[in-house]
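Q: Here it is, the structure, as structure tokens.
Values in this text are rule-based calculations from the coordinates and carry no lab data. All of these numbers come straight from a predicted model, not from anything done at the bench. Ideal geometry is used to build each Cβ from the backbone, glycine not excepted, and the neighbour counts take in all protein chains shown.
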Amino acid sequence: MLLNRPAPVAAAPPPPAVRRRQVPYPAMLLTSCAVLLLLVVLSLVIGARAVPPGHVWHGLFDFTGTTDDIVVRRVRLPRTLLGLLAGASLGLAGAVMQSLTRNPLADPGLLGINAGASAAVVTAISFLGVTSLTGYVWFAFLGSGVCAVLVYLIGGSRSATPVRLALGGTAVSAALHGYINSVQLMDSAALDRLRFWTVGSLASAHAGIVLRVAPFLLAGMVLALALARPLNSVALGDDAARALGTNLTRTRAASFLAITLLCGGATAACGPIAFVGLMVPHIARSFTGPDLRRLLPQSAVLAAVLLLAADIAGRVVVRPAELQAGIVTALVGGAVFLHLVRRRKVAQL
């Protein structure tokens, strides 16, 4: 005798997956560019002397020699241009450095760039009698370049690995910081002059400095953007990169050259500016993903936004004095970075 069993209940269909809406990449990049353009205008208007927007236009395109025209063309325009160039350079350098070393905490200090520039500047002040900011620029650039080459050789040059590069940079930075502290203790004049440079600021920018560092920074930007595709292969691991036809030695050497041009130029002109190169690639990666073809342009624009906003804020918060941009980025950048780490998973490299 067959028992009448109830028909099995069909399983309920699974709920549709909840997907997070992603902002299209072109829209995100255009929005960032629009914010950057707004900050450029504010940077020309805001300062110790308020300049109306109409006077800014005359200062840029119809110079008549008035006080407002001089302030706009000779003070704020070079300062704004340096903020754009240095910010974009630090953002690109941070993204390339994190990809090259496969280290999410990599920044211009990890490979000894900042320490090399500072050591060269303190040497120029104490032993060569250099006193002008224009003189510091070349010594800082030379020091960062020599230090980058030294770290690359210590890391094994052709056989360099991300771990060996990071260890080499850390060792060279530690040794150079010991040298810098020793010279500063023995020479109080060097300490007084160096402490203004090491804070990191755009306040001393003028047309001469911008013209000197711009060719190096622009060359570094072009090289960094050209490295997007090979660095994407390197991110898959050395074996996968070789299988895809990527020349690891050439890619790493070119990456070091780009980092040296970008960080060396920016540090020489502004002094060491913390957190921009470390924080911005993480923010950009949360919108673009790990593809460097999208990450690098987005990092450049967002880093310029961050540095220019920090410089403008520094002119306002302690009026009539100014707070250096390096201090603002360190204060704000540290808090924002901790917030990102605590509230969400940091985007993977």
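Q: In nm, what is the difference between 0.36 nm times the number of residues separating Leu105 and Val163 and their Cα-Cα distance?
A: Computed gain between Leu105 and Val163 is 19.6 nm.
Q: Please work out the FRET efficiency for the pair Phe61 and Val222, using the Cβ-Cβ distance as r and a Förster radius of 35 Å; give the result to the nearest 0.05. If you can, show how the numbers build up before the last one.
A: Details: r = 28 Å, r/R0 = 0.81.
It comes to 0.80.
Q: Now for a separate question. Between Arg49 and Asp291, what is the FRET efficiency for a Förster distance of 45 Å, r being their Cβ-Cβ separation, to the nearest 0.05?
A: 0.50
Q: With r as the distance between the Cβ atoms of Ala335 and Ala175 and R0 = 22 Å, compute the FRET efficiency 1/(1 + (r/R0)^6) and round to 0.05.
A: 0.10
Q: Let me ask you something else. Which length gain, in nm to one decimal place, applies between His206 and Leu153 when the Cα-Cα distance is subtracted from 0.36 nm times their residue separation?
A: Numbers: separation 53, 0.36 × 53 = 19.08 nm, distance 3.56 nm.
Additional length available on full extension: 15.5 nm.
Q: What length, rounded to one decimal in nm, is gained on full extension from Ala243 through to Tyr25, with 0.36 nm per residue of separation minus their alpha-carbon distance? Before the final figure, lay out the partial values.
A: Values: separation 218, 0.36 × 218 = 78.48 nm, distance 2.94 nm.
75.5 nm is the gain from fully extending Ala243 to Tyr25.
Q: Run the simple label-point estimate for Ala34 and Arg250 please: 7 Å along Cα→C-beta, distance reported in nm.
A: 4.2
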